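The values are calculated or read from the model by the stated rules, or taken from the named source; none is laboratory data. None of the values given here were measured: they were computed from a predicted structure. Cβ placement follows ideal geometry from the backbone for every residue including glycine, while neighbour counts extend to all protein chains displayed. Accessible surface is based on the protein model in full, side chains and every heavy atom, while ligands, DNA and RNA are left aside. Shrake-Rupley method; radii C 1.70, N 1.55, O 1.52, S 1.80 Å.
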Amino acid sequence: MIEVLAKLGRGPVFLAGEVLECVITFTNPLSASSTSASSEMLAWASAQIHCQFHASENRVALPPSDGSKHDVQAENETVFVPNRGERGQCILSTPPKILFCDLRLDPGESKSYSYCETLPVDGPPSFRGQSVKYVYKLTIGCQRVNSPIKLLRVPFRVLVLHGLKDYQFPQDEAVAPSNPFLEEEEGLKKDSRLADLATELLMVATSRRSLHLYNISNTRGKVGTFCIFKTVYKIGEDVIGTFNFSEGDIPCVQFSVSLQTEESIQEEFQRRRGQPVSFTVHARHQESCLHTAQSSFSLPIPLSSTPGFTTNIVSLKWRLHFEFVTSGESSGTCLVRGSQSDAVTWTGVEQMEVDTFSWDLPIKVLPTNPILASYVSQFSSTNSITI
């Protein structure tokens with residue numbers, strides 16, 4: 001028996017373009033109750049990253065793919081196929097890397113191997129929607145002699161920040177002599193600069209503040225104004241807005257604000273022409289505001305949510321969805337006097353004519369620092385299997 005342990009050193013969330021580092025440890029455990037301990041032998045082990053795509057058959061019409069060659073390989077248990085037995089299509093994969101060949105482990109002995117691979121910048125982000133899913137996994141394949149391959153899958157999350165792909169780092173070391181033995185160190189240095197650049201770009205994009213004022217009105221007149229100081233956010237931030245009803249002509253009885261994502265399938269891949277868009281509510285605020293001059297809300301953007309993106313199949317956009325309930329009468333007639341004595345009690349009317357209307361405000365949601373997102377990730381940094 002051999003235990004295989006895979007550990008992601010920095011956590012299970014990465015930016016596209018970063019280097020994923022994983023330490024894989026193979027151990028021949030020494031049991032105290034075992035009477036006949038012996039050496040164990042593995043023929044080889046290999047690792048590969050792939051992205052699996054799932055689509056709802058009721059909502060997405062995908063073109064037929066020629067997977068005959070892949071199917072033949074999948075039936076052969078001696079061929080390393082990272083997505084063997086998984087649903088959906090493999091739309092992206094890195095070249096497989098061999099960790100070792102002919103590994104012998106004595107009782108109680110362990111051997112560790114480091115796997116490093118740059119995550120492709122042209123792939124989609126990790127996403128679990130109502131119509132499609134993009135799932136990333138690192139798969140380690142191991143095989144004993146004359147035995148089928150065993151697979152250890154390590155799921156992780158990928159965030160995509162547009163603009164990193166086209167960025168050219170300054171060639172500060174262009175005049176220095178090259179050293180082939182420092183190739184890996186230079187790669188890690190570039191990866192560190194990439195993460196720093198992404199953090200800087202996100203800070204610049206989401207720290208810009210400017211006053212955005214919107215008049216809220218219906219067919220009968222002005223209800224109030226809405227104020228927001230920015231429309232670009234990172235996941236993990238709070239969307240804050242304020243209302244001013246003091247200058248309105250129409251009294252607002254109640255309002256609600258929902259933080260939503262809009263998942264739409266590109267027209268050429270829609271199962272039915274003009275099929276409805278899928279909406280997901282991530283946070284909601286509702287308040288009764290009759291005779292309220294000012295109010296506000298704060299809606300958190302979950303760290304586990306997916307920033308906006310677009311692929312050739314699906315598009316994900318963020319928005320604030322407002323719903324207002326206004327009175328059909330003036331604010332003075334909404335209350336009646338409950339007593340004729342010196343002590344006056346005001347009581348709300350039993351019935352009120354109301355009007356409702358809604359409004360959508362698009363916002364932009366970007367990724368955040370992957371280390372921060374790792375704290376709330378559903379994935380574990382450590383995965384294991386026994387073969």
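Annotations
- So Pro300, is it open to solvent by 60 Å² or more (accessible area, probe 1.4 Å) and more than 17 Å from Val365 (Cα to Cα): no
- Test for Val281: is it at pLDDT 90 or above and crowded, with 17+ Cβ neighbours inside 10 Å: no
- Here Val257 meets each of (1) touching a residue at least 60 places away in the same chain (Cβ under 8 Å); (2) open to solvent by 60 Å² or more (accessible area, probe 1.4 Å) with one exception, condition (2).
- Among the residues of region 356-385, those identified as part of a strand (DSSP E or B) and over 14 Å from Phe322 (Cα atoms) are Lys364, Val365, Leu366, Thr382, Asn383, Ser384, Ile385.
- Only residues that are closer than 19 Å to Ser305 by Cβ and of a type outside the set (Gly, Ala, Ser) were counted across region 205-227, and they come to 1.
- Members of region 85-107 that are part of a loop (DSSP other than H, G, I, E, B) and either on the phi > 0 side of the Ramachandran plot or modelled with pLDDT under 80 (or both): Gly85, Gly88
- If the condition is being more than 22 Å from the chain's Cα centre (by Cα) and under 17 Å from Leu320 (Cβ atoms), then region 250-261 contributes Cys252, Gln254, Phe255, Ser256, Val257.
- Matching residues in region 201-249 - criterion: being of a type in the set (A, V, I, L, M, F, W, C), under 27 Å from Thr326 (Cβ atoms) and either open to solvent by 70 Å² or more (accessible area, probe 1.4 Å) or part of a strand (DSSP E or B) (or both): Leu211, Leu213, Ile216, Val223, Phe226, Cys227, Ile228, Phe229, Val239, Ile240, Phe243
- Close pairs (9 angstrom Cβ cut-off, 6 or more residues apart or separate chains): in contact (Cβ under 8 Å) with a residue 12 or more places away in the chain in region 365-381, in a loop (DSSP other than H, G, I, E, B) and charged (D, E, K, R) anywhere: Val365/Glu237; Thr368/Glu237; Pro370/Arg10; Pro370/Glu18; Ile371/Arg10; Ser374/Arg10; Ser381/Arg10
- Asp172 being modelled with pLDDT of 55 or more and on the phi < 0 side of the Ramachandran plot: no
- Here Ser126 meets each of (1) under 21 Å from Thr368 (Cα atoms); (2) open to solvent by 60 Å² or more (accessible area, probe 1.4 Å); (3) small (Gly, Ala, Ser) with one exception, condition (2).
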